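Engineer: I'd like to ask some things about the structure below.
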Amino acid sequence: DVERAKLMLADTFDVYLGYNNPSSRCICAHYDVDPQYYADDPDAVWNIPFYPAGSCDAKAAGPDDMEHMRMWGRYGRADGVEFNAKEFMEQHPLWKWMDGYLYDRPTQPWTLFD
């Protein structure tokens, strides 16, 4: 059902560590808070500590929604955690060069689009 799909998209369980830990290794992809201690491929594009990437929106639909050509959507991370670009760049000056290109992703409610 659609509620389970929303929960799955918002999942922050880290299967590598075995506990809830927002990081690059969860479905909700929080690269921006991951120090990448466990990166297995040093040549991968996003295996840089605190890379400003990850989940930025979410969409889900259940069988009834599909039958009626509608879907649920959420702007921002599926788990509702906001991203504040200014705070991020203050905490991680390596990414200061993205000032003016990196935007906030405030939390928004799940909304039905029909």
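Engineer: Cut-off 10 angstrom, C-alpha nodes, Gaussian network model of the chain. Which of ASP57, ASP43, ASP104 fluctuates the most?
Structural biologist: The residue with the greatest mean-square fluctuation here is ASP43.
Engineer: Can I ask one more? Could you work out Rg/(2.2 N^0.38 Å) for segment 7-56, with Rg from alpha carbons only? Mind showing how you got there, number by number?
Structural biologist: Details: Rg = 10.3 Å, N = 50, 2.2 N^0.38 = 9.7 Å.
So the Cα radius of gyration is 1.06 times the expected 2.2 N^0.38 Å.
Engineer: Still on this model: Out of VAL33, VAL45, VAL15, any idea which swings most in a Gaussian network model of the chain, alpha carbons joined below 10 Å?
Structural biologist: Looking only at VAL33, VAL45, VAL15, the largest GNM fluctuation is found for VAL45.
Engineer: A follow-up question, please. Given an 8 Å cut-off on Cα distances and at least 6 residues of separation, report the relative contact order of the chain as a percent.
Structural biologist: Numbers: 200 pairs, mean separation 25.1, N = 114.
Averaging sequence separation for qualifying contacts and normalising by length gives 22 percent for the chain.
Engineer: I want to make sure I understand the PRE zone here: with the label point 7 angstrom from the Cα of LEU7 toward its beta carbon, which residues in segment 37-65 have backbone N atoms less than 20 Å away?
Structural biologist: 58-65
Engineer: Select one label from [x] 15.7, 48; [y] 12.8, 40; [z] 13.3, 43: the one whose number is Rg and Dmax of the Cα atoms in Å as derived from the coordinates shown.
Structural biologist: Step by step, Rg and Dmax of the Cα atoms in Å for this structure corresponds to label [x].
Coordinate-derived values only; no laboratory data. None of the values given here were measured: they were computed from a predicted structure. Using ideal geometry, Cβ is built from the backbone for each residue, glycine included, and neighbour counts are taken over all protein chains shown.
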